[in-house]
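K.L.:
Sending over a structure as structure tokens; questions will come in a sec.
The values are calculated or read from the model by the stated rules, or taken from the named source; none is laboratory data. The shown structure was predicted, so the numbers you read here are calculated from the model rather than taken from an experiment. Virtual Cβ from ideal backbone geometry, glycine too; neighbours counted across all protein chains shown. Calculation scope for accessible area: heavy atoms of the full protein, side chains included, ligands and nucleic acids excluded. Shrake-Rupley method; radii C 1.70, N 1.55, O 1.52, S 1.80 Å.
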Amino acid sequence: MKEAINIKLFYISLAVLCIVSSETKIRSMAMKLFDAHCHLQDQRVVDKASLLIHIANAAGVVYIAVDGITEKDWHLVKEMSDEYDSVIPNFGLHPWYVEGKSRSWFDTLKELIEANPSAAIGLDKSPLAKGVDFGEQVEVFKKQLQLAKGLKRPASVHCLDAFPELLQIMKEIGPFPAGVILHSFQGSPEVVPQLTKLGSYFSFSGHLMPLKEDKARKIVKAVPLDRILLETDAPDALPTNPIFFVPGNATLNQPANVHSVLIYVASLLDLSKEELADISYNNALRVFSFQGSKIPLK
């Protein structure tokens with residue numbers, strides 16, 4: 001046990017050294033950041049989750065929203081939240097897994113949410129979900145969105161090439177005063193005003209970086225500053241400018257790389273890193289500080 005702790009501290013020390021290795025990174029230590037969406041329960045990194053959480057915290061990432069995506073991993077997210085004050089749990093059913101859901105999935109989800117008042121509700125919607133019936137996706141999506149609204153919790157949504165359908169559903173069920181987080185947002189600038197009016201926040205990740213810079217800039221600048229969030233979507237969406245690498249697999253992402261997302265999005269907005277860090281952190285506090293959350297209500 002002592003050996004394991006020493007190894008953990010060694011990696012944390014390395015992480016801190018990475019941060020302070022230049023004047024720019026020294027300044028970044030004073031910034032508070034919030035990773036608004038990731039999946040540390042993913043089998044590729046779950047055995048390193050403790051280490052990655054400690055690295056992120058040492059790098060100034062105060063909170064990490066960890067999103068469960070299937071009935072089989074909700075317990076892992078809950079355990080992570082119980083162990084770490086910085087982990088904000090999200091529970092939901094990803095569209096890739098709707099066809100494998102149990103008959104009691106919704107009751108289980110509702111009970112889990114109600115028994116864990118610090119939990120937000122995570123869900124995704126995508127017509128490109130590996131051939132999964134889109135009608136079934138919509139049915140599951142609506143039930144979770146209605147649950148989020150009824151319990152006054154924010155909902156985390158991933159929408160790919162389905163913004164007309166998303167808007168229609170949100171208009172039917174909304175508005176959402178508790179917030180809807182459009183994670184890894186890459187939608188058209190034209191949909192931003194309507195989504196904002198319904199209560200949406202727009203979270204940017206490394207998925208934005210492969211886009212042409214002009215297109216990425218137009219998307220980001222269409223979003224009101226008070227609705228911008230930053231995330232890693234780890235272990236996926238490794239930024240093109242990563243600062244941190246997952247030990248043993250340099251292709252995987254981790255929450256500490258929200259610093260990389262910050263640098264890129266700030267450059268698109270012509271803001272300093274410090275300005276955007278403050279804006280995005282306070283936006284995340286606002287949307288995640290619902291009644292019963294780990295984050296104190298402002």
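K.L.:
Kindly indicate whether any position in the range 159-178 is under 17 Å from the mean Cα position of the chain (by Cα), farther than 18 Å from Ala119 by Cβ and surrounded by fewer than 22 Cβ atoms within 10 Å (Cβ to Cβ).
P.N.:
Yes, the range 159-178 contains at least one residue that is under 17 Å from the mean Cα position of the chain (by Cα), farther than 18 Å from Ala119 by Cβ and surrounded by fewer than 22 Cβ atoms within 10 Å (Cβ to Cβ).
K.L.:
Ok, one more. Answer yes or no as to whether Asp233 is open to solvent by 50 Å² or more (accessible area, probe 1.4 Å), among the charged types (D, E, K, R) and under 17 Å from Asp35 (Cα atoms).
P.N.:
Here the answer is no, as Asp233 does not meet what is asked.
K.L.:
Which of the residues spanning the range 260-279 are touching a residue at least 12 places away in the same chain (Cβ under 8 Å) and open to solvent by less than 10 Å² (accessible area, probe 1.4 Å)?
P.N.:
Correct list: Ser260, Val261, Leu262, Val265, Leu268, Leu276, Ala277.
K.L.:
While we're on this one: Restricting the search to the range 184-204, which residues are touching a Ser or Thr at 6+ places or on another chain (Cβ under 8 Å) and either closer than 14 Å to Ser267 by Cα or charged (D, E, K, R) (or both)?
P.N.:
Phe204, the sole residue that qualifies.
K.L.:
Output the number of residues of the range 156-173 satisfying the condition of being hydrophobic (A, V, I, L, M, F, W, C) and out of contact with any Leu (no Cβ under 6 Å at 6 or more places or on another chain).
P.N.:
Summing the residues that are hydrophobic (A, V, I, L, M, F, W, C) and out of contact with any Leu (no Cβ under 6 Å at 6 or more places or on another chain) in the range 156-173 gives 5.
K.L.:
Let me ask another. One residue is enough: does the range 221-231 have a residue meeting the conditions aliphatic (A, V, I, L, M), touching a Gly at 6+ places or on another chain (Cβ under 8 Å) and at pLDDT 95 or above? Give the steps one after another, and end with the answer.
P.N.:
Taking the range 221-231 first, the residues aliphatic (A, V, I, L, M) are 222-223, 225, 228-230.
Within this subset, residues satisfying the condition of being touching a Gly at 6+ places or on another chain (Cβ under 8 Å) are none.
The answer is no, given that none of the residues of the range 221-231 is aliphatic (A, V, I, L, M), touching a Gly at 6+ places or on another chain (Cβ under 8 Å) and at pLDDT 95 or above.
K.L.:
Residue by residue through the range 200-218, note down the ones that are open to solvent by less than 10 Å² (accessible area, probe 1.4 Å) and not aromatic (Phe, Trp, Tyr).
P.N.:
Ser200, Ser203, Ser205, Gly206, Leu208, Ala216
K.L.:
Before we move on, is Glu231 under 22 Å from Leu195 (Cα atoms), out of contact with any Lys or Arg (no Cβ under 9 Å at 6 or more places or on another chain) and either charged (D, E, K, R) or not assigned by the TED database to the domain that holds Gly179 (or both)?
P.N.:
Judged against the criteria, Glu231 is a match.
K.L.:
Name the pairs: first residue in the range 141-154 and open to solvent by 50 Å² or more (accessible area, probe 1.4 Å), second residue part of a loop (DSSP other than H, G, I, E, B), Cβ to Cβ under 8 Å, at least 6 apart or on different chains?
P.N.:
Pairs found: Lys149/Gly174; Lys149/Phe176; Lys149/Ala178; Lys152/Pro177; Lys152/Ala178; Lys152/Phe290; Lys152/Gln291.
K.L.:
Turning to a different aspect of this structure: List the pairs whose first member sits in the range 159-172 and is among the acidic types (Asp, Glu), whose second member is open to solvent by 20 Å² or more (accessible area, probe 1.4 Å), and whose Cβ atoms are under 9 Å apart, counting only residues at least 6 apart or on separate chains?
P.N.:
Pairs found: Asp161/Pro127; Asp161/Leu128; Glu165/Pro127; Glu165/Phe134; Glu165/Val138; Glu172/Lys142.
K.L.:
Something else: Conditions: (1) in contact (Cβ under 8 Å) with a residue 40 or more places away in the chain; (2) of a type outside the set (D, E, K, R); (3) assigned to a loop (DSSP other than H, G, I, E, B). Tyr63 meets all but one. Number of the miss?
P.N.:
Tallying (1) in contact (Cβ under 8 Å) with a residue 40 or more places away in the chain; (2) of a type outside the set (D, E, K, R); (3) assigned to a loop (DSSP other than H, G, I, E, B), Tyr63 fails exactly one: (3).
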